[in-house]
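A short reminder: the numbers here are calculations on the coordinates, not readings from a lab. Just so it is clear, the model here is predicted, and its values are computed rather than measured. Cβ sites come from the backbone with ideal geometry, for glycine too, and all protein chains shown count toward neighbours.
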Amino acid sequence: MRILLTTWGWRSHFYGLAPLGWALQAAGHEVRVASHPSLVPAITAAGLAAVPLGTDLDFAEAFAGRIGAVGALDPAAPAALDPAEPAAPDPAAPATPDPADALEPAITADGGVVRFADALLDDLVGFGRAWRPDLMVWEPFNLAAPVAAAALGVPGVLHLWGPDSSVTLRLDPESVLGPLAGRFGLAVSDVSLTGALTLDPVPPPMQVPTARPGRPVRFVPYNGPAVLPSWLHGPADRPRVCVTAGTMMAGVGLDDRLGLARVIRAVAGLDVEVVVLVEPAQQARLGPLPGNVRLVDAPLALRLVLPTCAALVQQGGAGSTMTALGFGVPQLVLPQVSDQHFNAERLAVTGAGTWLSPARADDDTLRALVGELIGDGHWRESAALMRDRVHAMPAPAEVVPALVALAASTRS
């Protein structure tokens, strides 16, 4: 079979697709990964064949002013409460720490998601007509792929990268999809954003239930190229806490919202070793750090560090959240933007971690919560339970036959 994976915008969007690409390739199928030219290094570094298409857009510019705290779809709905308060949060409601600063969760015709789709779509259909894939696989908020699949008459698969935050979004199909579909003589009703099947790596109770056809698939952590340093050859001599801001925040110029240097210093006030994983552009801005902080300056994937860690402090990106979930590491999420709030609340449902809104993340509260996470109490028990649930899900190789059957049913 010929399988076309397609990704957009940012390298962490691709990372969730890579293990499925490996499984398909190992099973003997032809795999190509189509994306914007700027993502070619990330794709080829993962050992998959890249197909550069369309034009590049500046991610930060495309989403300028459009990334913020997610507001409720219903303006009259109450904001979710901070779990540091006595009342527990409603896990189904998006967090709005400051409603005045919140943005409506929506995909609009002039937004960054549509702009990235517009830059890729024509070339994606053109390549598809030449290569003739049997199946297309895409990740969330990729609008070019489902339109291309409809134009090519190819079955599609949506591969989630974490909890399905699309349930919080407003999207008007006619204004958003209509112009894209119309290029190929398609009606909006001809395009399915979720394809014929959804692959969901999130176990219950963190999973967002849907009525559409779906299959579970194990989350296999991949965070890009990595080099194992000598200090990771053996166990740490005291509890190790990893602090990271993921890949997106620095890329869109929003890492200052997290106040990373202050967070690091607060955690370092505990009797722990703090390992800091940040983008190179962030390191110089951290300033002097305490002696028990290890600032990593080499390619070091989160998947190599977390097995040695007692806790993770992070911003709530899907990749970071799911990687820690798979290793059974309790988490403290400090959500700042977009789906980070949603991921944090879905994590809190499991008991494997918690979150703090910016208004509540003072040094003492933050340090006290991390101190709880590194203990042997209920946080660690719940994290271990979620790890076991992740590992019990079918590996990517086990879902390959279902994908091949889906492709074959259309081809025949």
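For this structure, a couple of remarks:
- Per-residue ellipticity at 222 nm computed for the chain from its helices equals -10000 deg cm²/dmol, with DSSP H segments shorter than 4 residues left out and the rest contributing -39,500 (n - 2.57).
- The alpha carbon convex hull volume per residue for the stretch 1-46 rounds to 58 Å³.
- Just checking the listed ones, Thr354, Thr198, Thr108: in the Gaussian network model of the chain with Cα springs under 10 Å, the one fluctuating most is Thr108.
- With R₀ set to 25 Å, the beta-carbon distance separating Ala408 from Asp172 gives a calculated FRET efficiency near 0.10.
- Summing Cβ point charges (Lys, Arg +1; Asp, Glu -1) relative to the Cα centre of the chain gives a dipole of roughly 1120 debye.
- With a Förster radius of 35 Å applied to the C-beta separation of Asp237 and Ser382, the computed FRET efficiency comes to 0.85.
- Helix axis angle, 378-391 relative to the chain longest principal axis, alpha carbon, degrees: 20
- Computed E for Thr55/Gln25 - FRET, C-beta separation, R0 22 angstrom, nearest 0.05: 0.20
- On Cα atoms only, tilt of 363-373 relative to the major axis of the chain in degrees: 80
- Backbone N under 11 Å from the Arg183 label point (7 Å along Cα→Cβ), restricted to the stretch 36-57: 54-55
- Binning the C-alpha pair distances of the stretch 257-412 at 10 Å intervals from 0 yields a P(r) profile of 10, 36, 33, 12, 7, 3, 0 %, listed from the shortest bin outward.
- Residue ranges 402-409, 337-344 sort as 337-344, 402-409 when ordered by packing (mean number of other C-beta atoms within 10 Å per residue, highest first).
- From the coordinates shown, Kirkwood radius over Cα pairs in Å corresponds to which of (1) 24.7; (2) 21.8; (3) 29.0: (2)
- Taken as Cα centroids, the stretch 202-235 and the stretch 266-283 sit 22 Å apart, rounded to the nearest whole angstrom.
- GNM result for the chain, Cα springs below 10 Å: residue of Gly326, Gly351, Gly185 fluctuating most strongly: Gly185
- Averaging the Cα positions of each part gives two centres, and for the stretch 338-399 and the stretch 1-28 these lie 27 Å apart.
- A straight chain from Ala45 to Leu286 at 0.36 nm per residue would run longer than the Cα-Cα distance by 83.9 nm.
- The residue among Val349, Leu158, Ala46 whose Cα reaches farthest toward the positive pole of the charge dipole of the chain, with charges on the beta-carbon of Lys, Arg, Asp and Glu, is Ala46.
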